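Below: the structure, in structure tokens.
The values are calculated or read from the model by the stated rules, or taken from the named source; none is laboratory data. All of these numbers come straight from a predicted model, not from anything done at the bench. Glycine gets a Cβ as well: all are built from the backbone with ideal geometry, and neighbour counts include every protein chain shown.
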Amino acid sequence: MKIGIVGVGSMGQTHAAGWAETGATVAGFVSKTQEHAQPLATRYQTRAYLNFEAMLREVDAVDICTPTHLHHAQVLQAAAAGKDVVCEKPLARTPEQAQEMIAACKSAGVKLLVAHVVRFFPEYARAKNLVAAGEIGQPAVLRLTRGTFRPKKAADNWFTDFDKSGGMMLDLMIHDFDYARWVAGEVESVFAKNVANAHPNAPGDHALVILKHRSGAISHIEGSWAYPPPLFRTRFEIAGSNGWLEFDSDKSAAVRLHLQTPGQSAPDVPQPGSPLRESPYTTQIKAFYNTLLNNAPLPITAQDGLAALKIALAAIKSAQTGEAINLAEIG
């Protein structure tokens, strides 16, 4: 199986490392210029393609790791070429785009696999399985936290362009919106407050979001692009009628000091760490490979990617209007 990777930034590099641990062949990379793709192609002893069209002629599947606003056109192009697609989250910038992408892949008879990596983090997957097994009874309240620094790039920082990325609530918090829905079921309404809407010139963003689930459960979700680099903190609590589950990435130390330090070394784009020998990103890519090769089931579907997108956009709309948003109003 030949895989072509589209995008050579943080996610392109991370996915390439994952594919290198499978039986697939990384056929090459494509980026905004051939020169931009060449260093990663050299590292993996493969090609830097001149453009996406040239790549599509020579691969069996593509892995799209580009900025969010580019996903729509690239997935449609891949589907038209009859290629299976792996696409980083968020699936698209709008529900209409995501629906068109899903329909195009279905019509072309190709797979559309959405990379929501939190479903592959073992602590999150284990908690989901315990809830599904009834170990804590009916889930009632979920508290999810994901905090890090705002992504920084030397040039063309699309993360800070709201029209391209959707901002922190779409790019970062979508992980926990998806997880809350996976654990507690469909979401009916969303209410959100964030710093960026009150203070547009703030150097970061921080948000609190409340999801009301159809089951009656409530999810309190906190997200932040306001921490000092290189910090990335995650936490969850899931309270049910018979018990409680918790995880905190900082539990190994009672007190930690994190300061804003000019010139401190940190990656351009934050990623959550894992103490495991195998990165959850690699676990995810191995699962995708098995699905592409053997039609193995996955814990995530393209429809799940669409649902998470709608929740994120409802949160953004709520923060902008100050009102709770019924999810049926989105897309």
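Worth pointing out:
- Of all residues in segment 26-55, those being within 25 Å of H116 (Cα to Cα), within 24 Å of the chain's Cα centre (by Cα) and not small (G, A, S) number 6.
- Close pairs (8 angstrom Cβ cut-off, 6 or more residues apart or separate chains): over 16 Å from A226 (Cβ atoms) in segment 150-161, modelled with pLDDT of 95 or more and charged (D, E, K, R) anywhere: W158/K164
- Only residues that are within 17 Å of T301 (Cβ to Cβ) and among the small types (G, A, S) were counted in segment 109-160, giving 4.
- Counting only residues that are assigned to a strand (DSSP E or B) and in contact (Cβ under 8 Å) with a residue 60 or more places away in the chain, segment 222-249 holds 16 of them.
- Flag if A37 is over 18 Å from C87 (Cβ atoms) and part of a helix (DSSP H, G or I): yes
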